[in-house]
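A.B. asks: Dumping the structure here so I can ask a few things about it.
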């Protein structure tokens, strides 16, 4: 398969595919007689794993780890599950941080009259030297 076919199958851009190759995340594609990259179904499967893993929040390094596990016939599903649950924990932490940020912003907005005055509780709140918990 050429790169445009792989791009259609995976939902990735040709640029992203070449990037994953250049970083060694997937094995470099072989070249046909015409010089174009030729991809195997295995490489397509790896790219799908990368794309889907990125969509659920895995970093590039974590995707590499998942690919390594995927390609290891002696892998343990417990290892894959552990990585997945670690990612869930990270996401939960980020959600909590985002909720705190949202609350702070809403509190600041509530304190602001939003009128023509130059006295702005939002600016004061953002420049204040202590945080509300």
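The values are calculated or read from the model by the stated rules, or taken from the named source; none is laboratory data. Quantities reported herein were computed from a predicted structural model and do not represent experimental measurements. Methodologically, a virtual Cβ is constructed for each residue, glycine included, from the backbone with ideal geometry; neighbour enumeration extends over all protein chains shown.
A.B. asks: Consider segment 21-45. How many of its residues are in contact with a helix residue (DSSP H, G or I) (Cβ under 6 Å, 6 or more places away or on another chain) and assigned to a helix (DSSP H, G or I)?
C.D. replies: Number satisfying all stated conditions: 1.
A.B. asks: Have a look at 105, 98, 69, 85 and point out the one that is in the same structural domain as residue 23 (by TED's automatic domain parsing) and either in a helix (DSSP H, G or I) or out of contact with any strand residue (DSSP E or B) (no Cβ under 9 Å at 6 or more places or on another chain) (or both).
C.D. replies: 69
A.B. asks: For residue 49, all conditions in the list (1) closer than 30 Å to residue 126 by Cα; (2) touching a residue at least 12 places away in the same chain (Cβ under 8 Å); (3) part of a helix (DSSP H, G or I) hold save one; what is the number of the exception?
C.D. replies: All conditions are met except number (1).
Results for (1) surrounded by fewer than 12 Cβ atoms within 10 Å (Cβ to Cβ); (2) within 13 Å of the chain's Cα centre (by Cα); (3) more than 16 Å from residue 5 (Cα to Cα), shown as yes or no for each residue.
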residue: 31; (1), (2), (3): yes, no, no
residue: 63; (1), (2), (3): no, yes, yes
residue: 70; (1), (2), (3): no, no, yes
residue: 77; (1), (2), (3): yes, no, yes
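A.B. asks: Which one of the conditions (1) in contact (Cβ under 8 Å) with a residue 40 or more places away in the chain; (2) not in a helix (DSSP H, G or I) does residue 115 fail to meet, given that it meets all the rest?
C.D. replies: It fails just one condition, (1).
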